[in-house]
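Enquirer: Got a structure here, written out as structure tokens. Questions coming.
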Amino acid sequence: MIIGLHVQVTVNRPLGSTHPEHHTIQYPLNYGYVAGVIGGDGEPQDAYVLDVATPVRQQTGYVVAIIHRRDDNETKWVVAPKFRFVTEAEVRKATNFQEKYFQDDIWLL
């Protein structure tokens with residue numbers, strides 16, 4: 001079970017930064033990866049970080065949702081510092097800046 005898993009996210013795109021290839025995409029939250037877990041693209045597992053209002057380099061927390069992209073080979077984990085229940089609407093609103101380009105399902109507990 002991935003939801004509920006306690007992880008450490010290494011943030012390589014902090015809140016306020018721009019996407020390295022698509023300069024019109026700005027990150028309204030911290031985004032990074034979970035080292036030691038390989039995602040569908042063969043790279044470390046990507047993760048969005050909710051509930052942290054400042055740019056950080058690392059954040060520990062709990063996986064509270066999974067975004068399964070139907071038209072891509074990746075899933076994105078959604079992590080919060082404290083475990084809590086989130087809604088699909090909340091996850092969509094927080095990640096829409098990037099996920100609007102994909103068809104996805106959001107998996108919740």
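Enquirer: Between Asn12 and Tyr101, with labels modelled 7 Å along Cα→Cβ, what's the label distance in nm to one decimal, could you check?
Expert: Distance between the two pseudo-spin positions: 1.6 nm.
Enquirer: If you place +1 on the Cβ of every Lys and Arg and -1 on the Cβ of every Asp and Glu, how big does the dipole about the Cα centre of region 6-108 come out, in debye to the nearest 20?
Expert: Charge dipole of region 6-108: 400 debye, to the nearest 20.
Enquirer: Can you give the net charge of the other residues whose Cβ lies under 10 Å from the Cβ of Ile106, counting K and R as +1 and D and E as -1? Walk me through the intermediate numbers first.
Expert: On the way: positive: Lys76, Arg92; negative: Glu88, Glu90, Glu99, Asp104, Asp105.
Overall, the nearby charge balance is -3.
Enquirer: How far apart, in nm, are the 7 Å Cα→Cβ label points at Glu43 and Asn73?
Expert: Output for this residue pair reads 1.3 nm.
Enquirer: At 222 nm, what helix-only mean residue ellipticity would the chain give, in deg cm²/dmol to the nearest 500, using -39500 (n - 2.57) for each DSSP H run of four or more?
Expert: So the helix-based figure for the chain works out to -3500 deg cm²/dmol.
Enquirer: Provide the gained length on full extension for the span Leu5 to Val56, in nm with one decimal, where the gain is 0.36 nm per separating residue minus the Cα-Cα distance.
Expert: Details: separation 51, 0.36 × 51 = 18.36 nm, distance 2.03 nm.
The Leu5-Val56 span can extend by a further 16.3 nm.
Enquirer: Semi-axes of the equivalent ellipsoid for region 37-109, please: Cα gyration tensor eigenvalues, times 5, square-rooted, ordered largest first, whole Å.
Expert: So the equivalent ellipsoid measures 19, 15, 12 Å along its semi-axes.
Enquirer: Gaussian network model of the chain, Cα springs within a sub-10 Å range: biggest mean-square fluctuation belongs to which of Pro28, Pro20, Pro44?
Expert: Pro20
Coordinate-derived values only; no laboratory data. This one's a predicted model, so the numbers in the text were calculated from it and none came from an experiment. Ideal geometry is used to build each Cβ from the backbone, glycine not excepted, and the neighbour counts take in all protein chains shown.
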